[in-house]
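Working notes, structure below.
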There are 2 protein chains.
Amino acid sequence: MVNIQQGTEEKILSAAKTVFHRKGYEGARMQEIADEAGINKALLHYYFRSKERLFEAVFSDAFTQLMGQAKEIFFSEKPLNDKIQSFLTHYLDVITENSYIPWFILNGMYERPGQMKTIFEQSEINPLQLMEHLRAQIRKEYHSDVNPLHVWLNILSLCIFPVVAKPLIREIFQLPEEVYQQILDQRKTEVPRFIANALKAYENPEENIHNESSREENS
Amino acid sequence: MVNIQQGTEEKILSAAKTVFHRKGYEGARMQEIADEAGINKALLHYYFRSKERLFEAVFSDAFTQLMGQAKEIFFSEKPLNDKIQSFLTHYLDVITENSYIPWFILNGMYERPGQMKTIFEQSEINPLQLMEHLRAQIRKEYHSDVNPLHVWLNILSLCIFPVVAKPLIREIFQLPEEVYQQILDQRKTEVPRFIANALKAYENPEENIHNESSREENS
DNA sequence: ATAAGGTTTAACCGATTGGTCAAAATTATA
DNA sequence: TATAATTTTGACCAATCGGTTAAACCTTAT
């Protein structure tokens, strides 16, 4: 009984993931999800009560899949260069299987902002601890007091944006899928190198508003 | 007659922009656009025939507004550092008035990929020329043969992603609107500096697949 | 064999949606 | 002033949508 029950529920989640990932909450149709799962539409409500709850289940899974391992990577003791390369490798592996995941997560923040809050509360990410860890690492490896939030934003930007913007960039440059994939593969080494070079030459910025507003610590 | 006609059409475009920017194609309602414009819903079809055509008109305007001046900036003879700062200043000014524009454009590529093609064909962007211009400039200013597409992707990533991901980052870090705005303002100088530092120390990558696949030119 | 519980289904519902239309109102022209 | 052209409107349409329900079916327990 348990096996059969989990079978249907997991089929629904897998189908919902496929449809929500490509079309977002508003664009997804419950009938399409049911068709994808090979079941009657009423079963969607039997197991998940509503479209919204089904979406939240899918979003939570996606966020965990993308950011869960990122936490381990960034809290490890590896050099920053290695961390970035590990994160990019992990991230691009996730993207290979779920190419819509970054757009899906960003889109979820726009379509259902209120509902996403509880998912982050459950994600156990401690951003301030992450910033402190990053700050200490930058000091040790690059002798710089740069605001770690900017560095972290730069790392995320360089890793995630080229994937999210893939349809746009491919259209502008008329690039085939496999050429763009090669470019993304190259970035596994390009991005860590770019960041390492930037940090090597970094000078302390004149002011540091993030520190002023969130944590009183200065050295 | 002409004045009155343009008045209604422009009211529709302004209202459509407001609604499409926030809710995307699927989430926007024609009745809501009509309400926003203060007119009867049938007029939307009288002037634009369909929801899709109205969306395309709005998308085209948005793309021109965001990337039109970027072309001038990047084809100018200014130093690269100044170009990036100008682009960021322009970009953040556009964002101040239309905060959803970057997401709207990226999202448009996912929601209506087919329809966006004609808009790029009309945009008169010559990406290969832009890449050559950038390559020459990097050689002259930084004595590097780095693939300009990577540099350009890096510039776009660092400029655009923090705006697109604003809801996500603010949620993760629990940042108030004005604190995040200050962070974005800081990036007007942080990003050009980060890029300049990275380029100063750049070493030529071992392989260069973009060149292999699109242009046979090597030095 | 029967009962209970869980799963599944076809049919249905009310609400919403993009789009249409004939007529009225307004504006422009002769 | 009369007519033509354009703009605007209220009413309406068919299709779609998320969700519900009673009944049938299947599995498990007694």
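Bear in mind that the values in this text are calculations on the coordinates, not laboratory data. None of these values were measured; they are calculated from a predicted model. Virtual Cβ from ideal backbone geometry, glycine too; neighbours counted across all protein chains shown.
Odds and ends about this structure:
- Per-residue average of Cβ from other chains inside 10 Å of A:189-195: 5
- Within the shell defined by Cβ-Cβ distances under 15 Å, the residues around A:His90 carry a net charge of 0, with Lys and Arg each +1 and Asp and Glu each -1.
- Inter-copy label distances at A:Gln31 (7 Å, Cα→Cβ; nm, one decimal): 2.1
- Positive-end residue, the protein assembly as shown charge dipole about Cα centroid, Cβ charges, pick of B:Leu158, B:Gly108, A:Ala42: A:Ala42
- The mean count of C-beta atoms from other chains within 10 Å of the C-beta of residues in B:176-187, rounded to a whole number, is 3.
- Exam field: B:Ala201 pseudo-label spacings to other copies (7 Å along Cα-Cβ), nanometres: 0.9
- Extension reserve of the A:Leu43-A:Thr189 stretch, reckoned as 0.36 nm per residue once the Cα distance is removed: 47.9 nm
- For A:Pro79, net neighbour charge (Lys/Arg +1, Asp/Glu -1) across residues whose Cβ lies under 14 Å away: +3
- Over chain B: helical MRE at 222 nm, DSSP H runs n ≥ 4 each giving -39500 (n - 2.57), nearest 500: -26000 deg cm²/dmol
- Given +1 at the Cβ of Lys and Arg, -1 at the Cβ of Asp and Glu and no other charges, the dipole of chain A around its Cα centre is 440 debye to the nearest 20.
- Scaling the Cα radius of gyration of the stretch A:56-204 by the globular reference 2.2 N^0.38 Å produces a ratio of 1.09.
- Leading residue at positive end of dipole, chain A (Cβ point charges), from A:Tyr25, A:Gln181, A:Ile169: A:Tyr25
- Once you reduce the stretch A:73-139 and the stretch B:78-130 to the center of their Cα atoms, the two points are 25 Å from each other.
- Among the listed pairs A:Lys51/A:Lys71; A:Lys11/A:Lys41; B:Lys11/B:Lys166; A:Lys140/B:Lys188; A:Lys166/B:Lys83; A:Lys83/A:Lys200, those beyond 18 Å (Cα-Cα): A:Lys51/A:Lys71; B:Lys11/B:Lys166; A:Lys140/B:Lys188; A:Lys166/B:Lys83
- Nm distances between copies for B:Glu177, ranked from closest, using label points 7 Å along Cα→Cβ: 4.2
- Net charge of the neighbourhood of B:Ala57, taken over other residues with C-beta under 14 Å away and scored Lys/Arg +1, Asp/Glu -1, is +1.
- Hydrophobic long helices, here whole DSSP H runs in chain B with Kyte-Doolittle means of at least 1.6 and Cα atoms spread over 27 Å or more along the helix axis, are not found.
- Debye, to nearest 20: dipole size of the protein assembly as shown, +1 on Lys, Arg Cβ, -1 on Asp, Glu Cβ: 700
- Candidates A:Asn197, A:Asn81, A:Asn98, ranked by Gaussian network fluctuation over chain A, Cα under 10 Å, top entry: A:Asn197
- Overall form of the protein assembly as shown per C-alpha gyration tensor (a/c, 1.5; a/b vs b/c): oblate
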